[in-house]
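Right, one structure below, let's go through it.
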Amino acid sequence: MAYLAIARLVALSHPQQAASALGIALAAIGVVCGIVGSALTMLGKHLFDDVQVSTRWQHRSIHDPYARARWLEGEQ
C-alpha cells in the first residue's frame, strides 16, 4: 500500500508545480502505511501484547476502588 501511494506521488511530480492536496494526501498515506508496515514487521504478533507497567505510571483508580465513583459524582 505504501509503495502504491509513493509510486503515484512520484508519477504526479512536476518540478515547477506547487504541491497539490492529492500529492500531500498520497505522501501522508505512504508515510503512515510505511510506519505501520515497519511496526508489524518488527513486532509481528506481539504488537498488542499486555505489558507490566510500573506503579508510578499506573492510573490512580487502579489503587483506589472508590475513585471512579467520586469521579462520576463530580460529573453530575
(request) Sort 22-28, 52-58, 34-40 for me by packing, meaning the mean count of neighbouring Cβ atoms within 10 Å per residue, highest on top. (result) 22-28, 34-40, 52-58
(request) Please list D49, D64 in order of solvent-accessible area, largest first, computed with a 1.4 Å probe with all protein chains present. (result) D49, D64
(request) May I ask you to evaluate 6.51 cos²θ - 1.76 cosθ + 1.60, the Karplus curve with θ = phi - 60°, for each residue of segment 47-53 and list the ³J(HN,Hα) values in order in whole Hz, giving x for glycine and proline? (result) 4, 10, 5, 6, 10, 7, 10
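The values are calculated or read from the model by the stated rules, or taken from the named source; none is laboratory data. Predicted model only: the values in this text are computed from it and were never measured. So basically every Cβ, Gly included, is an ideal-geometry build from the backbone, and we count neighbours across all protein chains shown. Only protein heavy atoms, including side chains, enter the accessible area calculation; ligands, DNA and RNA are left aside. Shrake-Rupley method; radii C 1.70, N 1.55, O 1.52, S 1.80 Å.
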